[in-house]
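The values are calculated or read from the model by the stated rules, or taken from the named source; none is laboratory data. Here the structure is a predicted model, which is why all the values come from computation and not from measurement. Counting neighbours? That spans all protein chains shown, and the Cβs are built from the backbone with ideal geometry, glycine included.
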Amino acid sequence: MAEQEALEAHYRARSLWLDGIPEPLTPRLGLGADADCDVAIVGAGFTGLWTAYYLKQHQPGLRVVVVEREIAGYGPSGRNGGAVGPGFPGSFAAYGIRDGDESVLRAIREAKAVVDEVGRVIADEGIECGYLKAGGLVVATTEPQRARLLARPAGLYDQDDDELLLEPGKLAELVRIPGVLASRFSPHAARVDPARLVRGLANVCERLGVTIHERTAALDLAPGRVRCAAGTLRADTVVRATESYTSQLPGQRLRYLTLYSLMIATEPLPPEVWEQLGWRDGLEIEDLHHLFFYAQRTMDGRIAIGGRGAPYRLRRPLSEANERSEAVAQRLGRSLRRHFPAAAAATITHHWGGPLAVPRDWSMSVNFDARTRLGWAGGYTGLGVAASNIAGRTLADLVLGRDTDLVKLPWVQHHSRRWEPEPLRFLASNAIVRVLDRADHSEDRTGRPSWQTRIVAPFMPPQH
Ligand SMILES: Cc1cc2nc3c(=O)[nH]c(=O)nc-3n(C[C@H](O)[C@H](O)[C@H](O)COP(=O)(O)OP(=O)(O)OC[C@H]3O[C@@H](n4cnc5c(N)ncnc54)[C@H](O)[C@@H]3O)c2cc1C
């Protein structure tokens, strides 16, 4: 019993959102012996569960089993900023495509449609997760940030014709932020409580007949089988949906660089503070510092704000010790007070974080080998809430051999090269964070673009 309570407390401490789940976080039954199925999925985050969901939509009779090391939504899927789209990690160069290619247009269409698709499933399945599509806002508060804002688009995901540069008067209709020099608004973004979404999705999958085994770590994946401590899952198809944790699996150590994104949240704010902020409910906001912040108005009236910047540890790049950082929490507190001064006196009730999977070319992949019947997706670099829905739908189509538009998107069968071995990856990672932090300080102080980011350019996505 004491062990059960400790486990529950441990899971709730992973994020504001997991803490707010109304039901107990009791793990589902683990895999206790060898078993057979048609599709075995490793990982009950968004990628694994969306894959399971769409497989069952297309073939209700398919035997789908998910194994999860902790509980559904334990990873970043239950901890993130809750911004749904319209972002895709990746660049034209990495995907080997040119501006104007048909696959770019397909990707842009999909980037817009996915926000509505996530909303549709949430509505159809009755998942209560505060989904509200009120758009996404990017603000620039220094001259270099304004230059970056005007220079967009830089990556695939910024190719949105519907994005608007806002007049100052128009900005005030969305939110009041002091010192904004320029801002851009896209209607294609929504807010969710991510833990309620991922846990709701797990319940829906179970209702559709998917078996989910929690507290069941996959030790090894191979064609036709997933080996776990208490038994082996034999399957026609195996899907790996472990994102940043992939680097803990045999042979995968250099697949991703692990960067941590951390968040803080205020107590629920009174109506008069929201009145002063003038923040349209559901609007997602981010800025253009190099170590940018992202923020949402939560369904229970808090501000949750996050950003990168936690140091990378050579010995334990993936560790709970990396999920909190006094320095990052303080920086986020400063961003909160500066951009949302009406909330400056609010108590910070939660601080948490989680790992991001960064491929060497900062571009996501959805892969399936028809010969071995092994599939996997990931490498979302912090943009996976919407991208994992596309990945899950695509994996379902690939597994079932469906010839759809999804399987022709640029990231399908994309292979990023591996990262350099340690200590180079460690040095690169910490240099990236340190240099970006210094560049932000310098830009804030001088109002001029920093040259320092050029040092880490070889390790960064094209827009940096
Ligand atoms: C603080 C933070 C803020 C973010 N904000 C946003 C945002 O606002 N918008 C956005 O689009 N993206 C955001 N992201 C990124 C987004 O959360 C992720 O891209 C997305 O959740 C990845 O989903 P996933 O299912 O692929 O991986 P995960 O959520 O990591 O799920 C993988 C699952 O696999 C399990 N697992 C791992 N190893 C094993 C094993 N050996 N055996 C069995 N199970 C295993 C894990 O326990 C985990 O539950 C953020 C991330 C963080 C950390």
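Condition check for Pro22 on (1) part of a helix (DSSP H, G or I); (2) away from the ligand (no atom under 16 Å from the Cβ): one failure, at (1). When region 113-127 is examined, which residues are found to be within 18 Å of the chain's Cα centre (by Cα) and charged (D, E, K, R)? Of everything in region 113-127, those that are within 18 Å of the chain's Cα centre (by Cα) and charged (D, E, K, R) turn out to be Asp116, Glu117. Of all residues in region 341-363, those being out of contact with any helix residue (DSSP H, G or I) (no Cβ under 6 Å at 6 or more places or on another chain), under 19 Å from Ile285 (Cβ atoms) and hydrophobic (A, V, I, L, M, F, W, C) number 2.
The rows are residues; the columns are (1) closer than 13 Å to Cys205 by Cα; (2) in contact (Cβ under 8 Å) with a residue 60 or more places away in the chain.
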site	(1), (2)
Trp50	yes, yes
Val84	no, yes
Phe88	no, yes
Arg98	no, no
Glu102	no, no
Leu105	no, no
Ile127	yes, yes
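Of Leu262, Leu219, Leu249, all but one fail to be more than 30 Å from Gly333 (Cβ to Cβ), near the ligand (Cβ under 9 Å from one of its atoms) and in contact (Cβ under 8 Å) with a residue 12 or more places away in the chain; the exception is Leu249.
Regarding region 295-307, can at least one residue be identified that is among the charged types (D, E, K, R) and within 23 Å of Pro144 (Cβ to Cβ)? No - not one qualifying residue is present in region 295-307.
From the list Thr381, Thr298, pick out the single residue that is buried (at least 16 other Cβ atoms within 10 Å of the Cβ), more than 30 Å from Pro223 (Cα to Cα) and at pLDDT 90 or above.
Numbers: Thr381 fails: more than 30 Å from Pro223 (Cα to Cα).
When all the criteria are applied, what remains is Thr298.
A search for C-beta distances below 9 Å between a residue of region 381-398 that is closer than 16 Å to Ala357 by Cβ and free of Cβ contacts under 8 Å to residues at least 40 places away in the same chain and any residue that is in a helix (DSSP H, G or I) and more than 9 Å from the ligand (Cβ to nearest atom), counting only pairs 6+ apart in sequence or on different chains, returns nothing.
With the condition kept exactly as written, say whether any residue in region 17-35 is farther than 16 Å from Thr237 by Cβ, of a type in the set (S, T, N, Q) and surrounded by 23 or more Cβ atoms within 10 Å (Cβ to Cβ). Looking for residues that are farther than 16 Å from Thr237 by Cβ, of a type in the set (S, T, N, Q) and surrounded by 23 or more Cβ atoms within 10 Å (Cβ to Cβ), one finds none in region 17-35, hence no. Residue check: Ile264 meets all listed conditions (1) part of a loop (DSSP other than H, G, I, E, B); (2) surrounded by 15 or more Cβ atoms within 10 Å (Cβ to Cβ); (3) not aromatic (Phe, Trp, Tyr) but one, namely (1). Selection within region 57-77: residues that are outside any loop (DSSP other than H, G, I, E, B) and surrounded by fewer than 20 Cβ atoms within 10 Å (Cβ to Cβ). The member of this set that is farthest from the ligand (Cβ to nearest atom) is His58. Of all residues in region 162-202, which are assigned to a helix (DSSP H, G or I) and over 30 Å from Ala52 (Cβ atoms)? Once the filter is applied, which keeps residues that are assigned to a helix (DSSP H, G or I) and over 30 Å from Ala52 (Cβ atoms), region 162-202 yields Pro168, Gly169, Lys170, Leu171.
Only one entry of Leu383, Leu314, Leu332 meets the criterion of being within 19 Å of Ala83 (Cα to Cα), outside the structural domain of Val65 (by TED's automatic domain parsing) and not aromatic (Phe, Trp, Tyr), and that entry is Leu332.
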